[in-house]
1. Given a cut-off of under 8 Å on Cα pairs at least six residues apart, what relative contact order in percent is computed for segment 151-300?
2. Viscosity 0.890 mPa s, temperature 25 °C: give me the Stokes-Einstein translational D for segment 216-279 in µm²/s, with Rh taken as the Kirkwood radius over C-alpha pairs.
3. Eigenvalues of the Cα gyration tensor times 5, then square-rooted: what semi-axes does that give for segment 35-86, in whole angstrom, largest first?
4. How large is the charge dipole for the chain, taken about the Cα centre, if only the Cβ atoms of Lys, Arg (+1) and Asp, Glu (-1) carry charge, to the nearest 20 debye?
5. Size of segment 1-111 along its principal axes in angstrom, Cα-based, largest extent first?
6. For the chain, which cysteines have no disulfide-compatible partner, meaning no other cysteine Cβ under 4.7 Å?
7. Over the Cα atoms of segment 1-55, what is the Rg over Rh ratio if Rh follows Kirkwood?
8. Just the number, please: carbon plus sulfur as a percent of the accessible area of the chain, 1.4 Å probe, no ligands or DNA/RNA counted.
Amino acid sequence: MQPMKIVIDDKIPYIQEKLRLLADEVCPMSGAAIHATDVRDADALIVRTRTRCDEALLKGSKVRFVATATIGFDHIDGGWLERAGIAWTSCPGCNAASVAQYLECSLLLLQREKGLSLQQSTLGIIGCGHVGSKVKAVAERLGMRVLVCDPPLEKANSQQSKTNSYVPLDTIERQADVITFHVPLTREGKYATWHLADEPFFHRLARIPYIINTSRGEVVDNLALWSALQDGRVRDAVIDVWEGEPRLYLPLLNRVFIGTPHIAGYSADGKANADNMVIDALCHHFGLPHPGKVTPPKLPVTFPYTGDPLELYNPLTDSLALKSNPSDFESLRNHYPLRREHFDV
């Protein structure tokens, strides 16, 4: 077998030990700094969202496989890669449970700190794929009424003769007390999501809801959201993803209830899921023997866990860190501490 070289974003945890069982050379690098010269003689490239994988990076390289250890893939020029004969994959659903944990804890904090009665409130979910479906289950377990808007999924399910309950966006605009976004970022087509929540959207809201965004920053027009908060058309907000990140619109950061540095999906469990999906795809593509599963580290025993989700994870901790030092956005994200979805010592 020919020697193999893998270039990998050095902030992808837990995976390098397994990759060194597969490749002769594993080169960890800052994702934002990966350059065409770095991948020229690489066989595979493993990235996060900070690496734009396109012709400028990969033309003329030996790379024949690209994986992003993330749900999102708007940083991947899939069309060019396919034309160039480069296989690529993302990790759909890898951190869905992690984002659902973030949503559950945020909803509990809205109840505890803001007086929102969950059992008397309606949650509007925009986008009900891997993440949105888990958020739906969490909200129903908390006793909330749930409305789901997902036109592409509704169309697909209708074609497959499935029975699902969906509502149009204007129903959520009229009836939801909390609105949460779980869509990919798309800029073209009938169901484009860029600035889905724009100035007209906020003016159509009827119930002065809370807004939550853990999808992509550009799904919500950040200036329009700030204006809606200032004018009282939105009660408050929980924002994990931002337009222009890591540069933030500071008036919005300072105004929202919870503002975090794009870490909603950053549980150790979600990262291990992504690692395993990448390894599976890499081994399948190159016909390599599987090196075994990645498992996340266990939590240190430092407190008696009573079952309250906020004891296991409190988003206000991450929010305080970002609001105190907004210029540390990338550092807070890249050096995120151990967080588990379950108390597993």
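The values are calculated or read from the model by the stated rules, or taken from the named source; none is laboratory data. Owing to the predicted nature of the structure, the values given are computational and were not obtained by experimental measurement. Quick reminder, even Gly has a Cβ in these numbers, built from the backbone with ideal geometry, and neighbours come from all protein chains shown. These accessible areas exclude ligands, DNA and RNA; they are computed on the full protein's heavy atoms, side chains included. Shrake-Rupley method; radii C 1.70, N 1.55, O 1.52, S 1.80 Å.
1. 16
2. 188
3. 16, 12, 10
4. So the dipole magnitude of the chain works out to roughly 360 debye.
5. Result, largest extent first: 56, 31, 24 Å.
6. When partners are defined as cysteine Cβ atoms under 4.7 Å apart, the chain leaves C27, C53, C105, C128, C149, C283 without one.
7. 0.95
8. 51
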